[in-house]
Amino acid sequence: MVSQKTTLLIIGGGPGGYVAAIRAAQLGIQTTLVEGGNLGGTCLNIGCIPSKALIHAADAYHQAHHFMGDSTLGIHVEGARIDIAQTVRWKDGIVARLTGGVGALLKKHGVQVIKGWAYMVDGKTVDVDLGRGDAEPTRIQCEHLLLASGSVELGLPGMPFSDTLGGKVISSKQALSPDHIPKKLVVVGAGYIGLELGLVYRKLGADVTVVEAQDRILPLYDEELTKPVAASLRKLGVQVLLDCQVQGLSHGGEGVRVLDAAGRESVLEADQVLVAIGRAPHTHGWGLEKLMLEMQGRALKVDDQCRTSMRNVWAIGDLTGEPMLAHRAMAQGELVAEVIAGKSRRFAPTAIAAVCYTGPEVVVAGLSPADAAKANLDCIHASFPFAANGRAMTLESTDGFVRVVARRDNHLIVGWQAVGAGVSELAAAFGQSLEMGACLEDVAGTIHAHPTLGEAVQEAALRALGHALHI
């Protein structure tokens with residue numbers, strides 16, 4: 001058996017793992033990274049990046065169809081069609097450039113990258129299957145072990161994912177590389193993944209029905225934020241069935257059996273079924289149980305330095321549970337590298353912004369009014385509608401608002417929320433104001449460029465202070 005040693009061994013080359021590797025190498029730590037698939041993990045390959053590419057393509061196609069009819073802008077087109085194979089090639093090109101860039105950065109910083117599948121031996125020893133037939137695995141011994149294995153999609157009992165892209169039951173991974181657009185698509189799950197991809201397929205021409213077990217869409221967001229999204233779904237003709245349980249495929253496999261809140265069963269006709277009910281930490285199939293690490297539910301339990309219950313074994317990203325966000329994993333990866341290098345760091349962000357790329361988009365950071373009430377904080381909150389924002393009018397996107405939540409006594413801002421076209425780009429401003437401990441007066445007194453959507457941020461702060469200027 002081939003054997004080698006390293007100071008830091010990282011399992012998983014997703015956003016958390018590769019950032020940790022780069023930062024560790026910058027700090028002079030001998031680093032080896034093991035990844036069985038492509039560098040970049042779920043986010044770059046089958047998640048964040050490809051989904052946003054398809055969202056953009058679907059929006060452009062939908063806009064072209066809009067211009068085939070009456071247009072208030074005076075723009076008219078004769079026809080529009082989509083070559084889905086070319087769209088997928090364009091998406092794959094973006095993914096290839098980004099993953100290739102990650103590989104180049106790791107090489108530049110001197111990180112040893114091993115393509116293979118890791119299997120735990122103990123807290124300092126890992127065997128790596130290089131996938132070369134009968135070749136013996138490579139054994140790697142390390143001083144520090146960083147686990148960054150990410151998460152896996154959850155499926156439904158009795159409805160296994162198809163082996164092919166064009167199969168009956170598909171995952172979000174398969175949905176991101178379609179070989180055709182089905183006539184009728186049933187989406188199981190009205191969370192952000194289900195709605196983002198459901199909207200993509202609807203805008204590309206599919207009849208889409210979304211089935212959700214809870215009583216509203218996007219159940220992790222407050223209802224006021226989701227109302228504009230629900231209105232958009234109705235306008236686009238997406239059927240949403242709430243309080244419904246999927247029972248499996250019908251006997252002939254032509255549809256999906258659904259049970260409503262009253263116990264009545266019906267069958268939804270479907271050419272394809274997209275199951276998007278969430279993700280879970282990737283804890284099985286690679287010997288993690290041998291380490292007998294302390295768990296928190298289905299995730300690894302870590303402290304504020306991302307240490308597990310075993311000395312010099314660290315864990316980051318989706319493996320450590322919610323929130324399963326690439327930017328959280330990146331921040332944790334950087335932190336672990338610096339702690340190993342002897343720096344004093346703690347993972348204690350004031351807030352981590354989360355974005356849902358539906359139409360319109362939703363972004364949240366910090367506490368909502370309901371969250372503040374549950375925390376027994378006496379807070380004020382105020383919203384400013386995009387209907388009163390000049391830039392939103394010029395973009396024909398006046399649905400939605402920006403909302404701020406602040407303490408009543410000292411006006412410290414504790415939360416931001418927004419729903420509207422392009423509001424994902426406000427996430428940085430929201431996060432920065434919370435991390436810097438900004439008060440309402442700080443944001444209200446900052447001159448915001450005109451005309452921008454960001455003016456709604458200032459106006460929300462002004463309104464909370466009782467003197468909004470444009471409403």
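General remarks:
- Subset of the stretch 89-129 (residues that are buried (at least 18 other Cβ atoms within 10 Å of the Cβ), more than 27 Å from residue 49 (Cβ to Cβ) and among the hydrophobic types (A, V, I, L, M, F, W, C)): 120, 126
- Within the stretch 398-409, the set of residues being out of contact with any Lys or Arg (no Cβ under 9 Å at 6 or more places or on another chain) and either open to solvent by less than 50 Å² (accessible area, probe 1.4 Å) or closer than 23 Å to residue 352 by Cβ (or both) comprises 400, 401, 402, 403, 405, 406, 407.
- Matching strands (runs of 3 or more DSSP E) fully within the stretch 56-173 where at least 1 residues are touching a residue at least 60 places away in the same chain (Cβ under 8 Å), within 20 Å of residue 193 (Cα to Cα) and of a type in the set (D, E, K, R): 151-153
- For residue 434, the requirement of being in contact with a strand residue (DSSP E or B) (Cβ under 9 Å, 6 or more places away or on another chain), hydrophobic (A, V, I, L, M, F, W, C), open to solvent by less than 30 Å² (accessible area, probe 1.4 Å) and at pLDDT 95 or above is met.
- Annotation: residue 369 fulfils all but one of (1) closer than 24 Å to residue 401 by Cα; (2) out of contact with any His (no Cβ under 7 Å at 6 or more places or on another chain); the unmet one is (2).
- Filter pass, residue 216 being over 28 Å from residue 400 (Cα atoms), surrounded by 15 or more Cβ atoms within 10 Å (Cβ to Cβ) and basic (Lys, Arg): no
- Residue ranges of strands (runs of 3 or more DSSP E) in the stretch 341-397 with at least 1 members small (Gly, Ala, Ser), under 30 Å from residue 302 (Cα atoms) and open to solvent by less than 50 Å² (accessible area, probe 1.4 Å): 354-356, 361-366
- Number of residues in the stretch 1-51 that are of a type in the set (Ser, Thr, Tyr) and open to solvent by 20 Å² or more (accessible area, probe 1.4 Å) equals 4.
The values are calculated or read from the model by the stated rules, or taken from the named source; none is laboratory data. The structure presented is a predicted model; accordingly, all values stated were derived computationally and were not measured. Every residue, glycine as well, gets a Cβ built from its backbone with ideal geometry; the counts of neighbours run over all protein chains shown. Quick note on the areas: whole protein, heavy atoms, side chains included, nothing else; ligands and nucleic acids left out. Shrake-Rupley method; radii C 1.70, N 1.55, O 1.52, S 1.80 Å.
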